[in-house]
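Visitor: First the structure, which I've put down as structure tokens, then a few questions once you've had a look.
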Amino acid sequence: MRKSIASVSLALTLLACHSDKPEAQVRKAFEGCRAAVEAGDAAAATAPLDAAFRGPEGMDKAMARAFLLGTFRQERIGVTVMQNQVAVEGNDAFQEVDLVLTGRSGGLLPQDASRRSFRLHWRKAGGDWRLLGIQER
């Protein structure tokens, strides 16, 4: 009897963890990118980018990775999320984020780069959310 209760409890726990709401899944994917940026890991930061990704000034996935590699050679980046709102529409999600970026010494980066706002477009592909685009607001 105890084995049955334990088995049912384990199955329910696994289902609860797997059935995250889409908004939570997008936030989790974003948090992975944010943590990778802070760790200086360009490969992990760009892993969720879709092959069709487009960023500011027409940046594609390869350009984004090269940009991060160059940035990480010069500076360690800290990312503080001030606002993180997600709206899901079917297989698309739109995320509005306001960030404060800090440099290696803990001081703020140049004034024009310290506070940034972005709109991210995510699309669900299979079981994963892939980042299709970033626009600066």
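Laboratory data are not the source of any read-out in this text; all were calculated from the coordinates shown. Values in this document were obtained by computation on a predicted structure and should not be read as measured data. All Cβ positions, glycine included, derive from the backbone under ideal geometry; neighbour counts span all protein chains shown.
Visitor: How much length, in nm to one decimal, is gained on full extension between D41 and D98, taken as 0.36 nm per residue of separation minus their Cα-Cα distance? Can you show the working numbers first?
Guide: Working: separation 57, 0.36 × 57 = 20.52 nm, distance 2.14 nm.
Stretched fully, the D41-D98 segment lengthens by 18.4 nm.
Visitor: Dividing the alpha-carbon radius of gyration of region 17-97 by 2.2 N^0.38 Å (N being the number of residues), what value is obtained? List each step's numbers first, then the result.
Guide: Numbers: Rg = 13.6 Å, N = 81, 2.2 N^0.38 = 11.7 Å.
Compactness ratio reported: 1.16.
Visitor: Between F118 and R137, with labels modelled 7 Å along Cα→Cβ, what's the label distance in nm to one decimal, could you check?
Guide: That separation, rounded to one decimal, is 1.4 nm.
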